[in-house]
1. Hey, which lysines would be in cross-link range of A:Lys153, C-alpha to C-alpha under 27 Å, not counting anything within fewer than 8 residues on its own chain?
2. As an exercise, identify the trypsin sites (Lys or Arg not before Pro) in segment B:53-133 lying in DSSP coil whose Cβ has no more than 16 other Cβ atoms within 10 Å.
3. Are there DSSP H segments in chain B that both extend 24 Å or more along their axis (alpha-carbon positions) and score a mean Kyte-Doolittle hydropathy of at least -0.5? List them, or say none.
4. Residues in segment A:138-163 near a label at B:Asn339, defined as backbone nitrogen under 14 Å from the 7 Å Cα→Cβ point?
5. Based on DSSP H runs of at least 4 residues, each adding -39500 (n - 2.57), what is the mean residue ellipticity at 222 nm of chain A after dividing by all its residues, to the nearest 500 deg cm²/dmol?
6. Where in chain A are the DSSP H helices whose alpha-carbon span along the long axis reaches 15 Å or more and whose Kyte-Doolittle mean is at least -1.0?
7. Compute, for chain B, the length of the dipole vector about the Cα centre, with Cβ point charges of +1 (Lys, Arg) and -1 (Asp, Glu) only. Units Debye, rounded to 20.
8. Which whole number gives the average, over all residues in B:32-41, of C-beta atoms from other chains lying within 10 Å of the residue C-beta?
Amino acid sequence: MRECPDIPIRVRGLKNVFGDHVVHEGLDLEVRKGEIIGVVGGSGTGKSVLMRSIIGLQVPAEGEIEVLGSSITDARDDEDIDIRSRWGVLFQGGALFSTLTVAENVEVPLREFYPEIEDELRHEIARYKVLLSGLPANATRKYPSELSGGMKKRAGLARALALDPELLFLDEPTAGLDPIGAAAFDQLILGLQQTLNLTVFLITHDLDTLYEICDRVAVLADRKVIACGTIPELLALDHPWIQEYFNGPRGRAAQSAKQRNGAASEQQKG
Amino acid sequence: MRALTDFTIASDEAASGDGGGATLAFSGPMTVASLGPIDARIRDVPAPLARIDMTGVTRIDTVGAWVAWRVAQRTGARIVNCKPEAERLIAAVSQADDNREPVAGERLPLFSRVPARVGETIIGLGRGTLQVLGFLGLYVQACWALLRRPSTFRTKALVHQMELVGVNALGIIALMSFLVGIVIAQQGAVQLRQFGAEIYTVNLVGRLTLRELGILMTAIMVAGRSGSAFAAQLGTMKLTEEVDAMRTIGVSPMEALVIPRILATMIMMPLLGIYSAFLGIVGGAFLSSLTLGIPFFTFLARIQEVVPLHDVWVGLVKGPVFGLIVAVSGCYQGLQVRNNAEEVGTRTTAAVVMAIFMVIVLDAFFAVFFTEIGWG
């Protein structure tokens, strides 16, 4: 009945304008099923605006956006609701409902979309989602104000995964985390993506994240996606921003870290 | 119509080679969308079972995996004939099943919650009074520090707040006062007509608006407009750590946020009060000229004769005091916000309620006081 198409996200000719500031113009992007796509770009290139357009929070001036086979740009409300139960979104700060506990936050989408699920099963679902997101069991009944930044992100992820979505949107998931926490969060996303067979749309500034978990990277610059491909493919292009981004000191550090990790795991296998 | 999960239980003798016993066979999709209605039936499946057969499962997500895993744990069954996807998901949820924490925050049962709330409220009232006094002390201290270093005074912020509190309120206060003036004149005239004393409508409108109603209604309106705005602004700034950021930069929130707001309200309140009284009188004069046959300008001229000057002073003296109360309760409640967005709401409500309540209590006190000193 609702099979996931091979291209779950398709953006064509997107244009976004704020006042007379043109953020996007003629932007095209296709996300393939089951991949983790990283979206990078300088500050102010409209990465978050792109994500907000795709999930329907921002109505674009022009262009077509298709998510899971149905159009977002001219969706009717009832159609919209079906799509919304098939994606999960993690906002930058977690955006948890501050008057609810972590578990109650996870239960919100379940209550909304599947009111027929009884309390007992819903509580069980909330509890295991909390653990799956890498939170300790005692975080279940805590309020967001009692959590650290990293735990808030994990709680936000638990809520994003509440309905077992096919699509997961992450807005800078590792920003503000310490390097160990960020690496752990990367691994968590990768593990969940493989287990739950997710397609992940990930906005990030974190080069380690790009090297570690992203299958492809889309580069936003000059109001559009200037390139989209694996990191070696991007490195072969000679766009100045891309070269500076991946070959700057931080880019090289992340690259050599990846190579070291790769070599270490090869040795372990051997 | 969504397809639902289904299951059958069979005591399969043919499979006795496999140990015999009952087999529970799931079929259809096992997802969050299809399990809700039949979860209760699955819970009632009698233990023990030997096997859970997943052959007929078309699609599965973590909720389906969880339900299968839970039945298996409870009945001691083995899960068989899984597709690789189901196996992967069941393995994932089985790692995550040792969470026994309650889902909701702690709540006391009703019979102990009610007395607890009463006690908390009473203790909170006492503590709140002390804290407001402490806040007033801080305010006075900050004002003193400002007097010694007047160059740090934020004139721009003060003027901006005066605009928000005073100038922007002119329209709504004018409308309100004008209408109340009309109502007083009309109702007063109806009663006074019984004694043939309609001319005293002028005294009624003039003295009532200048002494009491002008400033009281203004205080209530400012509490609703600006007191609530102060509480919500400062509360949100507390939540987004703006107040903390100010402190670390060396800017005192008291100086930058609280003093301009309180001063602006204290300056604007008497002005708005007298403005409101004048418009009340205009309203009264307007109605009198229409229905009582007292010409508009005669009414205004009579006001000067029948209203003693000390009535104007009574109104003006109350202004800054009411302004202080409204602004202090708004700022104090705003800065008490700690945890979440809900608190911004409750604190804003508390600020307005506290301000209006205190204004009315003090107004009663002023009424008695001014009469006693001969300004009746």
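1. A:Lys33, A:Lys47, A:Lys129, A:Lys142, A:Lys258, B:Lys238
2. Qualifying residues, ordered by number: B:Arg100, B:Arg107.
3. Correct list, ordered by number: B:110-148, B:170-193, B:259-287, B:309-335, B:341-372.
4. A:141-147
5. -13000 deg cm²/dmol
6. Working: long enough: A:102-113 (18 Å, 0.07); A:119-132 (19 Å, -0.43); A:149-160 (16 Å, -0.58); A:179-196 (25 Å, 0.85); A:249-269 (30 Å, -1.78).
Helices meeting the criterion: A:102-113, A:119-132, A:149-160, A:179-196.
7. Details: 30 positive and 28 negative charges, 177 e Å.
The calculation lands at about 860 debye.
8. Counting Cβ atoms of other protein chains within 10 Å of each residue's Cβ and averaging gives 5.
Each reported figure results from applying straightforward, stated rules to the coordinates on display, with no laboratory input. This is a predicted model, so every value here is computed, not measured. Cβ: placed from backbone, ideal geometry, glycine included. Neighbour counts: every protein chain shown.
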